[in-house]
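What follows is a set of notes on a single structure, which appears directly below.
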Amino acid sequence: MRRQIDGFLHYLETEKDCSDNTISAYQNDLTQFLEFAQGTVSSWQDMDKANLVAYIQLLRKKQYASSTVARKVAAVKSFFHFMLDQKLLEDDPTATLDSPKVKKRLPKILSPDDIEALLAQPNNSHDPKSLRDKAFLELLYASGMRVSELVSLDVSDLDLGQSEVHCRGKANRQRTLPISERAIPHLQSYLERGRPSLLKNPDVPALFLNHRGKRLTRQGLWLIIKGHVEAAGLDVAVTPHTLRHSFATHLITRGAELRDVQRLLGHANISTTQIYTEVRQESPSSTPEGTPG
């Protein structure tokens, strides 16, 4: 039974070109489902709708959020669709399985004052790490990049002369983003005085480095951001996507076209971008006096 899951994960990586984060999420959800299945049936062919309903009830008993249950059920459905397509099953037991209803949750954003308080934190020092932190915070808010995209940047992806940065998004789609005038001097300071001090091996191409001179990881960057959030005294929940959400909402509030925001964020479907029009309506106090860049 594990072999079929491994085959599905390989399919996601090689055929669907899913990101590492997406594959990891599928792997975690399906491993949990496998543990349940192995105590219930002897093969995937024996799995039926009643078993699946029992699994959903188990998840609810464990008090998972409705959104988490819905995600786990979606992973199971995708897995069975794959096995049906691969002729590993004759029938799909998830075909008539209803997905749990999930109330749409709007992303949280920071107000302009909170943004300024967060961006100001690394200014308290001019050591290499502070120069790095200031540079990546300014770039995140100026570009709306995903955290995973930012840590994947190489020095060669920056074109400060043209005020542009080239990033690779989901499915390895590339896009060119403008950099605000505000962010450029902080990136220059980091490149001139911060990164050379952190660099241990001149062959490392990564733009943002950790204290060991290696590429800063998504997890490492998130821990740094959390530290600055606490230092700024922000009494708000901040996630790795908060600056991205704030960037998009502030742009739309200032009158940017939805298609332009979609392009900047790298969304495949404009329906994903439309959520920010609802965030704007729900958060009138978040309107900035100037565009984020």
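Each value in this text was obtained by applying a stated rule to the coordinates, not by laboratory testing. These numbers were taken from a predicted model, which means no experiment stands behind them. FYI the Cβ positions are ideal-geometry reconstructions off the backbone, even for glycines, and counts take in every protein chain you see.
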Exercise. Okay, helix-only estimate at 222 nm for the chain: each DSSP H run of n ≥ 4 adds -39500 (n - 2.57), divide by all residues, round to 500 deg cm²/dmol; what do you get?
Worked result: -15500 deg cm²/dmol
Seminar exercise, completed: Taking Cα atoms, the helix 20-38 axis meets the longest principal axis of the chain at an angle in degrees (rounded to 10) of 30
Problem set entry | Correct choice for log10 I(q)/I(0) by the Debye sum over Cα atoms at q = 0.09, 0.12 Å⁻¹ that was computed from the model, options [x] -0.37, -0.69; [y] -0.55, -0.89; [z] -0.48, -0.85 | [y]
For this session: Compute the normalised compactness of the stretch 59-177: alpha-carbon radius of gyration over 2.2 N^0.38 Å, N being the residue count.
Result: 1.61
Exercise. Looking at the stretch 2-85, what % of the alpha carbon pairs are farther apart than 23 Å?
Worked result: 20
For this session: For every other residue with a beta carbon closer than 13 angstrom to the beta carbon of Leu140, add +1 if it is Lys or Arg and -1 if Asp or Glu, then tell me the sum.
Result: +3
Exercise. What is the log10 of I(q)/I(0) for the stretch 112-286, computed with the Debye formula using one identical point scatterer on each Cα and no solvent, at q = 0.14 Å⁻¹?
Worked result: -0.74
For this session: Provide the net charge surrounding Leu84, with neighbours chosen by a C-beta distance below 10 Å and charges set as Lys +1, Arg +1, Asp -1, Glu -1.
Result: -3
